[in-house]
Amino acid sequence: MAAEEQRALLDGDGDGDGDGGGDGNGGSPAPLRTLPAACDPRRLPHRLIVLSLMCFLGFGSYFCYDNPAALQTQVQRDMKVNTAQFMALYAWYSWPNVVLCFFGGFLIDRVFGIRLGTIIFSIFVCVGQVVFALGALFNTVWLMDMGRFIFGIGGESLAVAQNTYAVSWFKGKELNLVFGLQLSMARVGSTVNMNIMGWVYSRVQDLLGYTGPSTLGLALMIGGVTCLFSLTCALILAYLDRRAEKLLCKEQGKTGEVIKLTDVKDFSLSLWLIFIICVCYYAAVFPFIGLGKVFFIEKFSFSPQEASAINSIVYIISAPMSPVFGLLVDKLGKNIIWVLCAVITTLASHIMLAFTFWNPWIAMCLLGVSYSLLACALWPMVAFVVPEHQLGTAYGFMQSIQNLGLAVIAIAAGMILDTRGYLFLEVFFSACVCLSLIAVVVLYFVNHLTGGDLNWSAKKREKLQKAAASEAEEQERLRRQNEDDLAKLLPKADDFSLRNKYLSRLGAQLPDNDSSFLSTLAHRSVLK
């Protein structure tokens, strides 16, 4: 069947001559006529199918990542754990990714390959969720922690594989849209989890007739079905990618990451400030969402359903707004200003939640908007301050310390809530955002004093990039012109050979400068 598909794909003229309308020299296959559009890897319908599979590839991991947040009350009550032990579930997810962020791309490129790597990481996600659910079912907290650890091994690396597939199948301007759709689908997974897992727990409770570890374990096992769905997408995607590789003779996708830990010593002050902004900002967002449901129930007297809804509003806003803000930042530039606006808005949100009883929907909507804006403005700045050959190391290090910060802050937040309450917890989150704000201000002045381009407008950056490209082209043209002029001035080797033969027949001795000149030419030819 595969051979028939390949012949159909290459037979473009339909005259049976077998040349496919190509040039016979490995050119691209001719336009397709035999394969249906949904089965042709180069046609839009087929690529839309692949895009759908890519988007759902990470749905399960994002859905199950926030299972604890959606079931905070049930987890703490059924497992009889305090808030610090509850937040350790998030810390255990982050611990393996302190290291794996450096090696996820390497494993995909050099060890497993994109297809096998995606399947393996999806299996880790599934196994981790099953172990997590079994820990609840058997009323064993350490087993739940182990499940989250295994889940973390697959979760972040699966996101790397997802991006690698996107780069392999889509190019140019398509890629920005694809990344935006993948991020939006991830946020949809988190939102669905926040709003449906409480209902799932209630249905299991009605079925069993009681609450407890068994009810919690079965609810988490049902949530794990989404991970099986994502694993199925990984298997289908691997088949389609392998099929396209055979039919189109394309190479398997690679991340292109090059990790060199020795590059860390060359990181600039601006990059370290970006790291600080990243760690301090996200430390005030994700741990807060992890504890947010009970916060809204206790302070604002929300029902569990209302609390779940408002706690998920950050993800709901992020789903459609991330692509919009990405386009806005691309068009206008001024990344530092956008980051500054996002951090200030986030600080205002936490202050409102801490010290006022205003409708929390206002603060949470502001938090959702600022969270989306910061992600679109902060992460691209790394590429502006780091040479291209160090990008893999820079992004790997950024994700590593982000996971380290999230693990430590998650445990600290749980301990603060157990001993001091929600007011002190909100003050703690506000302090984290203040540190991020200070780092943004310092980055602004460092960038200004060093003449950096982090705060350039998009038009200025494009203009200077064009000028730099033109200058590089001019230098290359002058170099080639000089080489051509030099080649014209140099005697031809055949002339030297004829002259030397003539002189040797006359019995004349060759001058030393001739032999030295010839040796110089030989030396130059070796260098080339």
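Bear in mind these aren't lab numbers, they're just calculated from the coordinates by the rules spelled out. Please read these numbers as outputs of a predicted model, since none were measured by experiment. When we count neighbours, we look across all protein chains shown, and the Cβ atoms used for this are built from the backbone with ideal geometry, even at glycine.
List of remarks:
- Additional length obtainable on full extension of the chain from E298 to N359, 0.36 nm per residue less Cα span: 20.5 nm
- A simple spin-label model places pseudo-atoms 7 Å from Cα toward Cβ; at T419 and L449 they are separated by 3.7 nm.
- The slack in the chain from H389 to E476, taken as 0.36 nm per residue of separation less the alpha-carbon distance, amounts to 29.1 nm.
- Distance from the Cα centroid of the stretch 177-225 to that of the stretch 334-412 is 26 Å (rounded to whole angstrom).
- Length gained when the stretch V441-K265 is fully extended (0.36 nm per residue, less Cα-Cα span): 61.0 nm
- Rh by Kirkwood over Cα pairs, then Stokes-Einstein D for the stretch 273-395 at 1.306 mPa s and 10 °C, µm²/s: 103
- When the trypsin sites (Lys or Arg not before Pro) in the stretch 40-93 are filtered for DSSP coil states and for at most 11 other beta-carbon atoms within 10 Å of their beta-carbon, the remaining sites are K80.
- Euclidean distance between Cα centres, the stretch 45-81 to the stretch 274-320, Å: 16
- With the highest mean first, a sort of the peptides 58-65, 179-186, 215-222, 451-458 on other beta-carbon atoms found within 10 angstrom per residue produces 58-65, 215-222, 179-186, 451-458.
- A cut-off of 5 Å between modelled amide H atoms, ignoring neighbours fewer than 5 places along the same chain, links G333 with A458.
- Links that overshoot a 30 Å alpha carbon limit, given the list K334/K466; K299/K334; K80/K299; K171/K466: K299/K334
- If you wrap the Cα atoms of the stretch 75-158 in a convex hull and average its projected area over all directions, you get 5.1 nm².
- Simple spin-label estimate for K463 and K331 gives 2.0 nm between the two label positions (7 Å along the Cα-to-Cβ direction from each Cα).
- Per-pair calculated FRET efficiency, R0 = 22 Å: W272 and F103 via Cβ, rounded to 0.05: 0.45
- Packing, taken as the mean count of other beta carbons within 10 Å per residue, orders the peptides 266-277, 226-237, 306-317 from highest to lowest as 306-317, 226-237, 266-277.
- Amide N proximity, the stretch 43-84 versus I123 label position 7 Å along Cα-to-Cβ, cut-off under 18 Å: 61
- Entry for the stretch 370-448 at q = 0.23 Å⁻¹: log10 I(q)/I(0) = -1.22, Debye formula applied to identical alpha-carbon scatterers, no solvent contribution.
- The per residue volume of the convex hull around the alpha-carbon atoms of the stretch 156-208 is 92 Å³.
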